[in-house]
Amino acid sequence: MTPTEYEYLRKFLKDNSGLDLSTDKQYLIESRLLPLARKAGLSGIAELVQKLQGGSRQLITDVVEAMTTNETFFFRDKVPFDHFRDHIMPEIIKARAAKRSVRIWCAAGSTGQEPYSLAMCLKEMGAALTGWRVEIIATDLSQEVLEKAKAGVYSQFEVQRGLPIQMLVKYFKQIGETWQINPELRAMIQHRQLNLLHDFAQLGTFDVIFCRNVLIYFDQDTKINIFNRLARQIEPDGFLVLGAAETVVGLTDTFRPIPERRGLYKPNDPRAAAAKPVLGGAAPRMAVVAGR
Amino acid sequence: MKTCLVVDDSSVVRKIARRILEGLQFEVTEAEDGSKALEICQRQLPDAVLLDWNMPVMDGFEFMGHMRRLPGGDQPKVVFCTTENNVAHIAQALSGGANEYIMKPFDKDIIADKFAEVGLIPVGQAMV
């Protein structure tokens with residue numbers, strides 16, 4: 001791959017998916033895009049770049065999907081799901097006792113392991129949620145990934161990553177060499193295609209937003225922009241859950257970390273935030289976003 | 001250092017499992033069938049048992065029954081690791097006292113995940 005081709009692909013991915021590759025990710029591009037190029041009958045990266053420059057729509061979608069699909073497994077990192085069960089849901093159950101409804105958004109739902117893990121957590125709560133309306137919206141950039149999430153069929157390998165064996169026996173049905181999650185859990189989740197760079201106001205507001213391990217791929221301005229838009233989709237007493245390597249600190253004051261609960265954030269009151277003079281390093285970055 | 005007894009009639013599987021478990025800071029002993037494993041357990045119980053099902057002399061399920069009846073035999077975490085991959089076998093293992101269940105083939109990530117699941121290693125270590 002020539003430096004020109006690499007620069008073109010970097011810019012292309014930034015514009016189309018927000019993916020922000022550093023200058024040394026040639027191997028990542030080659031490992032993801034060479035198989036794709038061969039499948040499309042192209043000789044290599046050079047020809048792939050030519051086709052992209054020619055504006056091949058299908059290829060644009062394929063390239064974005066190939067570069068943004070990431071590893072995921074059930075109950076990934078475990079701790080966020082403990083927080084969900086022991087802290088988030090007990091608070092929501094108290095706060096929504098009259099309304100008896102909860103809306104949850106998995107903003108990078110990928111192949112379904114995260115939304116299904118949440119569905120299993122909710123099922124395990126049993127009677128505490130009887131009569132409640134529970135909505136889980138799982139979104140992802142990739143249509144191919146969404147199809148897999150919808151089907152809920154996983155390989156033997158996939159069901160052994162992070163999923164306790166009791167959960168496998170309880171919530172899955174074996175079909176040949178694969179395992180399919182039960183219809184009851186599949187029915188708890190709505191799958192929708194969504195690019196986080198685009199407007200997502202139409203999804204409505206949520207009590208809980210899981211947005212894990214996706215913002216790490218975005219540059220700082222894009223992150224700030226997404227945080228500020230997420231803040232508008234979250235209930236004032238709702239929860240935002242980020243990945244282990246992600247934080248809002250130093251980027252935005254629309255959310256604040258919950259002490260002692262790593263990865264958990266609460267929205268700040270927008271009026272309070274607006275009334276308070278913006279201090280320190282955050283100010284110029286906020287101004288950049290506001291000017292967009 | 002925690003100890004793990006690897007019980008499998010395949011020396012290749014034992015070797016692979018040993019390498020993975022030593023990487024997870026376990027002191028590993030090996031047995032090629034349930035009967036030999038039981039002799040080891042009668043001398044000293046390990047913290048963990050990685051256990052094949054089908055073996056000559058004494059199979060893994062029978063071994064687990066004997067081991068669980070030893071004084072302190074309820075303590076070791078038993079993780080089955082077998083080609084038996086149907087729900088009936090899994091359910092039988094769990095009701096017989098197994099803590100976790102791995103369907104072969106396995107790799108380091110699966111072993112680390114399952115061992116973290118039953119508290120043998122910290123969760124963070126499984127993520128590395």
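Can you say whether A:VAL153 is away from every other protein chain (no Cβ under 12 Å) and among the β-branched types (Val, Ile, Thr), as far as the supplied structure shows? So A:VAL153 passes the test.
Within segment A:188-233, the set of residues being touching a strand residue (DSSP E or B) at 6+ places or on another chain (Cβ under 6 Å) and farther than 28 Å from A:GLY152 by Cα comprises just one member, A:ALA231.
For segment A:168-187, which residues satisfy the criterion of being under 20 Å from B:ASP107 (Cβ atoms) and either more than 10 Å from chain B (Cβ to nearest Cβ) or buried (at least 17 other Cβ atoms within 10 Å of the Cβ) (or both)? Spell out the reasoning first.
Within segment A:168-187, the first condition is being under 20 Å from B:ASP107 (Cβ atoms), and the residues that meet it are A:168, A:177-179.
Correct list: A:LEU168, A:THR178, A:TRP179.
May I ask you to list the residues in segment A:97-118 that are within 15 Å of A:PHE73 (Cβ to Cβ) and small (Gly, Ala, Ser)?
Let us first name the residues in segment A:97-118 that are within 15 Å of A:PHE73 (Cβ to Cβ), namely A:106, A:108-118.
Within segment A:97-118, A:ALA108, A:GLY109, A:SER110, A:GLY112, A:SER117 qualify.
Across segment A:156-179, not a single residue is classified as in contact (Cβ under 8 Å) with a residue 40 or more places away in the chain, touching a Phe, Trp or Tyr at 6+ places or on another chain (Cβ under 7 Å) and assigned to a strand (DSSP E or B). Is there a residue in segment A:55-67 that is out of contact with any strand residue (DSSP E or B) (no Cβ under 7 Å at 6 or more places or on another chain), assigned to a loop (DSSP other than H, G, I, E, B) and farther than 18 Å from A:TYR217 by Cβ? Checked against the condition, which is being out of contact with any strand residue (DSSP E or B) (no Cβ under 7 Å at 6 or more places or on another chain), assigned to a loop (DSSP other than H, G, I, E, B) and farther than 18 Å from A:TYR217 by Cβ, segment A:55-67 yields at least one hit. Report yes if A:VAL102 is closer than 30 Å to A:LEU19 by Cα and among the β-branched types (Val, Ile, Thr), otherwise no. Answer is no for this residue.
Could you list, in sequence order, all residues of segment A:77-96 that are touching a residue at least 12 places away in the same chain (Cβ under 8 Å), more than 14 Å from chain B (Cβ to nearest Cβ) and more than 23 Å from A:ARG229 (Cβ to Cβ)?
First, the residues of segment A:77-96 that are touching a residue at least 12 places away in the same chain (Cβ under 8 Å): A:77-81, A:83-85, A:87-89, A:91-93, A:95-96.
When the remaining residues are screened for being more than 14 Å from chain B (Cβ to nearest Cβ), the result is A:84-85, A:87-89, A:91-93, A:95-96.
Once the filter is applied, which keeps residues that are touching a residue at least 12 places away in the same chain (Cβ under 8 Å), more than 14 Å from chain B (Cβ to nearest Cβ) and more than 23 Å from A:ARG229 (Cβ to Cβ), segment A:77-96 yields A:ARG85, A:HIS87, A:MET89, A:GLU91, A:ILE93, A:ALA95, A:ARG96.
Show me the helices (runs of 4 or more DSSP H) entirely contained within segment B:34-128 in which 1 or more residues are buried (at least 16 other Cβ atoms within 10 Å of the Cβ) and within 12 Å of chain A (Cβ to nearest Cβ).
Numbers: elements: B:34-43, B:60-68, B:87-95, B:108-117, B:123-127.
In segment B:34-128, B:87-95, B:108-117, B:123-127 are the helices (runs of 4 or more DSSP H) which contain 1 or more residues that are buried (at least 16 other Cβ atoms within 10 Å of the Cβ) and within 12 Å of chain A (Cβ to nearest Cβ).
Residues in segment A:84-100 that are under 16 Å from A:PRO236 (Cα atoms) and within 26 Å of the chain's Cα centre (by Cα): 7 in all.
A quick yes/no check of all residues on (1) under 24 Å from the mean Cα position of the chain (by Cα); (2) within 30 Å of A:LEU163 (Cα to Cα); (3) at pLDDT below 85; (4) of a type outside the set (Phe, Trp, Tyr):
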| residue | (1), (2), (3), (4) |
| --- | --- |
| A:ASP20 | yes, no, yes, yes |
| A:THR23 | no, no, yes, yes |
| A:LEU33 | yes, no, no, yes |
| A:LEU36 | yes, no, no, yes |
| A:GLY41 | no, no, no, yes |
| A:ILE45 | no, no, no, yes |
| A:LEU48 | no, no, no, yes |
| A:VAL79 | yes, yes, no, yes |
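Hey, does segment A:80-95 have a residue that's assigned to a loop (DSSP other than H, G, I, E, B) and crowded, with 19+ Cβ neighbours inside 10 Å?
No, the conditions are met nowhere in segment A:80-95.
Just to be sure before I move on: is A:LYS99 away from every other protein chain (no Cβ under 14 Å), part of a loop (DSSP other than H, G, I, E, B) and among the charged types (D, E, K, R) in the structure I sent? So A:LYS99 fits the description; yes. Within segment A:145-160, restricting attention to residues that are of a type in the set (D, E, K, R) and closer than 17 Å to A:ALA187 by Cα, the residue that is surrounded by the fewest Cβ atoms within 10 Å (Cβ to Cβ) is A:GLU147.
In the set A:HIS191, A:HIS198, only one residue is away from chain B (no Cβ under 14 Å) and in contact (Cβ under 8 Å) with a residue 40 or more places away in the chain; that residue is A:HIS191.
This table checks each residue for (1) free of Cβ contacts under 8 Å to residues at least 40 places away in the same chain; (2) charged (D, E, K, R).
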site: A:PHE12; (1), (2): no, no
site: A:ASP15; (1), (2): yes, yes
site: A:ILE29; (1), (2): yes, no
site: A:LEU33; (1), (2): yes, no
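For the structure I just gave you, tell me whether A:GLY109 is modelled with pLDDT under 95 and under 22 Å from A:LEU230 (Cα atoms). Talk me through it step by step, then tell me what you get.
On the way: modelled with pLDDT under 95: yes; under 22 Å from A:LEU230 (Cα atoms): yes.
Here the answer is yes, as A:GLY109 does meet what is asked.
Scanning segment A:96-144 for residues that are closer than 26 Å to A:VAL63 by Cα and of a type in the set (A, V, I, L, M), we see that the one that is surrounded by the fewest Cβ atoms within 10 Å (Cβ to Cβ) is A:ILE137.
With the condition being at pLDDT 95 or above, I'd like the helices (runs of 4 or more DSSP H) fully within segment A:189-292 carrying at least 3 qualifying residues.
Details: elements: A:220-232, A:270-275, A:282-290.
Of the helices (runs of 4 or more DSSP H) lying wholly inside segment A:189-292, those with at least 3 residues that are at pLDDT 95 or above span A:220-232.
The values are calculated or read from the model by the stated rules, or taken from the named source; none is laboratory data. Remember, it's a predicted structure, so these values are computed and weren't measured experimentally. Here Cβ is always computed from backbone atoms with ideal geometry, including for glycine, and neighbour counts include all displayed protein chains.
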